[in-house]
Amino acid sequence: MTYPETLTYLYNQMPEYQRIGHLAYKPGLENSLKLDAIFRQPHRHYKTIHVGGTNGKGSTSHLLAAILQEAGYKVGLYTSPHLIDFRERIRINGEVISEGYVVQFVEKYRKAFEPIMPSFFELTMEMAFLYFAEQNVDVAVIEVGLGGRLDSTNIISSDLSIITNIGFDHMKYLGDTLPKIATEKAGIIKSNTPVVIGEAGNEKVKQVFIDKAKVENASITFAENVFDDFSNEKTPKGWIFHTKEYPDLFGSLGGLAQEKNVKTVLCAVNELKKIGYNIPKQAVYKGFSEVVKLTGLMGRWQIISENPKIVCDTAHNEHGIRYISEQLQAENHEILRIVFGVVDDKDVTTMLALMPKNAVYYFTKPSVERALNEKELAKKASAFGLAGNTYPSVSLAIEMAKEDTSDDDFIFVGGSNFVVADALLMC
C-alpha cells in the first residue's frame, strides 16, 4: 500500500474518534493490553512521562519534550489529534515518523492486530510505542487521549504523571461534575510515582487528587501553590516569566493559558531532576523559547498572517474558550472579526456564552463529519447576541473576513481543532 492508501485503511477499518465521535470511542484497557502483548510491551524499553488534563496537555507535552531534547535526551513525543498530517502524532526530537514506517507497520502486523479490532487511537498508540523502542529513545512524553483511568495510554508505568487542569469536556464519557471528571483524570496517578497537578480549580477537585495520591503512595505537587515569586509580562514576541530560579524566562507560545502551563512545566522539571534527570537551566530556557522549532507544535495562539493580523487557537471547550475570550478582549484592534466553527458533540451553548459580543462573526463548518452546520451554529449564537454571516467552509470564511478587514482589524480563527486544521491547510 502507499501512504495515502494506508491512511485510508486506518480511517476506514478503525474509525477515528476525532472525526466521527462516540461511535469510534472504545473505553478500557483490554484492547491496549492485547496489542501490547503482541508487540512485547515496547514502552518498557524507555522512560515515560504521562500528561493528562482537560486543556494544556499538548502545550505541556511539547514544552517538556523540547526541554528534555535540549538537555541531551533522545525524546519521543506522542500526542493527538493531528492537525494536518497523521504523522504529527509521533515524533522523535521533533521529527515526525516516516511515511514508510507507517506503511510497513500496517503491512507487517495487520494480520496480528485485525482480530483484536482495535480503535484508531489504540493502534496508533502502539505504533508509537514500538517506533520509539526501535529508535532507542531515552524517554517518551505520552499525552493522554481522553480521560485517564480508561484511556489506552494508561498501560504505561511512567516516571512522572502530570494533570494540567480539570474542566468540562467529554462529559458523556467522564461525568457531569468536575469531581467526577477529576476522578477519571486521576486514574493516571501511579503507585509510588510523583504527580504534578497544574490547576486544581476548587477544593473538591483538589481533594480527589489528594485522596488518589494517598492511595497510590504518590507524592503530589500543586503547581499553582508552589511559586510565591512568580510574575509575567506580555511582549509583542511572547511572554517573559520570572521566578527566582528562572528569571527572564522567555516563552514563545502566546495566549493567557500559558501562564498556568509554565508553572506546571517548571514543577515537572523539578520533579524529574529529583529522580535523576539531568536538566540544566539552559535547556529549560531554550525549550521554552524554541518549542515550536524544536517540536513542530502548531495551533496555540499561532499567528498565521501579519497583514492582516490573523491568529488561530485550538481551544474547544469552556475552560479553553474562557482564556481565549479574555485574550481577545485584551488585543488592540479596530474591529474584532471571528471565524468560528465547532463540532456537534461539544457544549456549544456554554462556549458561545463566553465569546465576545463586540465582534463580527463568520460562522463556518470544518471539514469533518462531526461538524455542526454553520447555519445551526449561527442560530444558536444569535441567542447570545453574536451576529454574523454563515459560510460552508473555513477557507471561504477566512477569505471573506480578509476582504472585510482594514489595517487595524484583528481576525481570530477557532472553536475547534478542525477549524484550525482547515485554516493551516490554506495558509
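A few points about this structure:
- For segment 119-212, alpha-carbon Rg relative to the globular expectation (2.2 N^0.38 Å, N residues): 1.15
- In order along segment 396-402, the Karplus-derived 3J(HN,Hα) couplings, from 6.51 cos²θ - 1.76 cosθ + 1.60 at θ = phi - 60°, round to 5, 4, 5, 4, 5, 4, 5 Hz, and Gly and Pro are given as x.
- Highest to lowest packing among 235-248, 292-305, scored as the average C-beta count within 10 Å: 292-305, 235-248
- Spin-label model distance (nm) - residue 138 vs residue 29, 7 Å beyond Cα toward Cβ: 2.8
- FRET efficiency, 1/(1 + (r/R0)^6) with R0 51 Å, evaluated for residue 5 and residue 383 via beta carbons: 0.65
- Charge dipole of the chain about the Cα centre (unit charges at C-beta), most positive-ward option of 129, 83, 255: 129
- Calculated FRET efficiency for the pair residue 202/residue 399, C-beta based, R₀ 45 Å, to 0.05: 0.55
- For a modelled paramagnetic label at residue 427, 7 Å from Cα along Cα-to-Cβ, the residues of segment 248-269 in reach, with backbone nitrogen under 18 Å, are 252-258.
- Gain on full stretching of the segment that runs from residue 349 to residue 273 - 0.36 nm per residue minus C-alpha separation: 23.0 nm
- Taking segment 202-343 and dividing mean pair separation by its residue count, relative contact order in percent (alpha carbons under 8 Å, at least six apart): 16
- Test item: Cα-centred dipole of the chain, Lys/Arg +1 and Asp/Glu -1 on Cβ, debye: 1040
- Taking the Cα centre of segment 342-427 as reference, the dipole from Cβ charges on Lys and Arg (+1) and Asp and Glu (-1) amounts to some 320 debye.
- Sorted largest first, extent of segment 196-354 alpha carbons per principal axis (Å): 50, 37, 28
- Sorted largest first, the principal axis extents computed over the alpha-carbon atoms of segment 43-105 equal 30, 27, 22 Å.
- Principal axes of the chain: Cα extent on each, largest first, Å: 56, 54, 38
- Mean Cβ count within 10 Å, highest first, over the residues of peptides 64-72, 398-406, 179-187: 64-72, 179-187, 398-406
- CD proxy at 222 nm, helix term only [per DSSP H run n ≥ 4: -39500 (n - 2.57); per residue of the chain; nearest 500]: -12000 deg cm²/dmol
- For segment 302-426, the equivalent ellipsoid derived from the Cα gyration tensor has semi-axes of 19, 16, 14 Å, listed largest first.
FYI, it's all coordinate maths here, none of it is from the lab. The structure presented is a predicted model; accordingly, all values stated were derived computationally and were not measured. Every residue, glycine as well, gets a Cβ built from its backbone with ideal geometry; the counts of neighbours run over all protein chains shown.
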